[in-house]
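Asks: A single structure is presented below for examination.
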Amino acid sequence: MGVLPLQFKPGDSAESLGLTGEELYSITGLENAAELPGEVTVRVDQDGQTHELTATVRIDTPAEAAYFRHGGILPYVLRQLLAN
C-alpha cells in the first residue's frame, strides 16, 4: 500500500486540532484526479463527531508520484522488473 505524506497547514498541529491518533481519517480530493493535487481534504471522525481540515500533499518528486500511483515502492519495482 502506498503512503500519502501530508503536512498540516501553517498554524495547525495535531495538538492544536485535538488529534490523538485514535481517530478515523478519510482523504478526499484524490479520486479520478489525473495529477496529484497540491492539497486534499481530510475528514476526521472522532467520538461520533466529524470535522474536516485541509492538508498539503508532500509528494515532491516525479519518482515519489510514481511510487504512490503504483501503491508503494515494492509494487513499482516489481512492475518494472516484470516489464523488462
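Asks: Just to be sure before I move on: is I73 closer than 30 Å to G18 by Cα and either in contact with a helix residue (DSSP H, G or I) (Cβ under 6 Å, 6 or more places away or on another chain) or at pLDDT below 85 (or both) in the structure I sent?
Replies: Details: closer than 30 Å to G18 by Cα: no; either in contact with a helix residue (DSSP H, G or I) (Cβ under 6 Å, 6 or more places away or on another chain) or at pLDDT below 85 (or both): yes.
For I73, the condition - closer than 30 Å to G18 by Cα and either in contact with a helix residue (DSSP H, G or I) (Cβ under 6 Å, 6 or more places away or on another chain) or at pLDDT below 85 (or both) - is not met.
Asks: Every residue in the range 19-74 that is among the hydrophobic types (A, V, I, L, M, F, W, C) and part of a helix (DSSP H, G or I), please.
Replies: Initially, the range 19-74 is screened for residues among the hydrophobic types (A, V, I, L, M, F, W, C), giving 19, 24, 27, 30, 33-34, 36, 40, 42, 44, 53, 55, 57, 59, 63, 65-66, 68, 73-74.
Matches in the range 19-74: A63, A65, A66, F68, I73, L74.
Asks: Among the residues of the range 21-49, how many are touching a strand residue (DSSP E or B) at 6+ places or on another chain (Cβ under 8 Å) and either modelled with pLDDT under 95 or under 18 Å from L4 (Cα atoms) (or both)?
Replies: Filtering the range 21-49 for residues touching a strand residue (DSSP E or B) at 6+ places or on another chain (Cβ under 8 Å) gives 22-30, 36-46.
When the remaining residues are screened for being either modelled with pLDDT under 95 or under 18 Å from L4 (Cα atoms) (or both), the result is 22-30, 36-44, 46.
Qualifying residue count for the region: 19.
Asks: Residue by residue through the range 46-70, note down the ones that are hydrophobic (A, V, I, L, M, F, W, C) and touching a helix residue (DSSP H, G or I) at 6+ places or on another chain (Cβ under 8 Å). Outline the logic, then answer.
Replies: Taking the range 46-70 first, the residues hydrophobic (A, V, I, L, M, F, W, C) are 53, 55, 57, 59, 63, 65-66, 68.
Residues satisfying the conditions are I59, A66.
Asks: What tally of residues in the range 4-17 results from selecting those that are assigned to a loop (DSSP other than H, G, I, E, B) and either in contact (Cβ under 8 Å) with a residue 12 or more places away in the chain or in contact with a Cys (Cβ under 7 Å, 6 or more places away or on another chain) (or both)? Explain how you work it out, then say what you get.
Replies: Kept after step one, since they are assigned to a loop (DSSP other than H, G, I, E, B), are these residues of the range 4-17: 4-5, 9-17.
With either in contact (Cβ under 8 Å) with a residue 12 or more places away in the chain or in contact with a Cys (Cβ under 7 Å, 6 or more places away or on another chain) (or both) added as a condition, the list becomes 4-5, 9, 12, 17.
Residues meeting the conditions: 5.
This table checks each residue for (1) within 26 Å of A83 (Cβ to Cβ); (2) of a type outside the set (G, A, S).
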residue: V3; (1), (2): yes, yes
residue: E15; (1), (2): no, yes
residue: G21; (1), (2): no, no
residue: P37; (1), (2): no, yes
residue: L53; (1), (2): no, yes
residue: V57; (1), (2): no, yes
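Asks: Out of all the residues in the range 56-69, is one or more surrounded by 13 or more Cβ atoms within 10 Å (Cβ to Cβ), of a type outside the set (S, T, Y) and in contact with a strand residue (DSSP E or B) (Cβ under 8 Å, 6 or more places away or on another chain)?
Replies: yes
Asks: Now a separate question. Residues that are surrounded by fewer than 13 Cβ atoms within 10 Å (Cβ to Cβ), of a type in the set (A, V, I, L, M), under 29 Å from V77 (Cα atoms) and over 12 Å from the mean Cα position of the chain (by Cα): does the range 30-52 have at least one?
Replies: Within the range 30-52 (the criterion being surrounded by fewer than 13 Cβ atoms within 10 Å (Cβ to Cβ), of a type in the set (A, V, I, L, M), under 29 Å from V77 (Cα atoms) and over 12 Å from the mean Cα position of the chain (by Cα)), the answer is yes, since at least one residue qualifies.
The values are calculated or read from the model by the stated rules, or taken from the named source; none is laboratory data. All values reported here derive from a predicted model rather than from experimental measurement. When we count neighbours, we look across all protein chains shown, and the Cβ atoms used for this are built from the backbone with ideal geometry, even at glycine.
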